[in-house]
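The values are calculated or read from the model by the stated rules, or taken from the named source; none is laboratory data. Please read these numbers as outputs of a predicted model, since none were measured by experiment. Cβ: placed from backbone, ideal geometry, glycine included. Neighbour counts: every protein chain shown. Side chains are part of the model used for accessible areas, which takes the heavy atoms of the whole protein and leaves out ligands, DNA and RNA. Shrake-Rupley method; radii C 1.70, N 1.55, O 1.52, S 1.80 Å.
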Amino acid sequence: MIAIGQIWNRWAKSRPLITLSLTNGMMGAIGDVIAQNIAQPTAQQTDKTKSTDGSSQAVGYDPMRTARFFLYGCMFGPVAYKWYSLLDRRFPLPLVTLGSSAPSALGTSAAKMLAIGKRVAVDQVAFAPVAIGAFFVVMGAMEGKRINGIRASLRAKYKDALVGNYA
């Protein structure tokens, strides 16, 4: 495990965006595997479901869905990196010098909380609505949906996803 951490640290220093993309993709894939296992009906509830053509199909793990989450995470990583770098520059945390050590992002409590509050507010008002919409559009496209299907997904799910994000 230590060797993996050392490799990751080396890559993060030499190739930060690639490392971030792959890490973000892996987190998306792991999250999807967990979600599929939580949401998957148990054998006692049902072992088959009706597909859109009326035939029965076994309920189970969907590896293509996990692959889509991996790919989306890889694509979203650099976007998120650039966005949060912008927030860091626009709303820097106050710096203080502790004795002879280098400055650190500790600052006063009030100033730090104000900077963090600004970051969160701008993120939630400006970025979250766009990022959530982009998620449904990109995932719909990767699922092979046409524009009307993507619009239908947005109409059906966007508001609940955005409200859930704010909750």
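A few comments on the model shown:
- Restricting 109, 100, 104 to those that are at pLDDT below 95 and open to solvent by less than 40 Å² (accessible area, probe 1.4 Å) reduces the list to 104.
- Taken together, 122, 130, 138 contain a single residue that is of a type outside the set (D, E, K, R) and farther than 24 Å from residue 67 by Cα, which is 122.
- The stretch 134-167, subset among the small types (Gly, Ala, Ser), within 13 Å of residue 72 (Cα to Cα) and surrounded by fewer than 16 Cβ atoms within 10 Å (Cβ to Cβ), residue nearest to the chain's Cα centre (by Cα): 134
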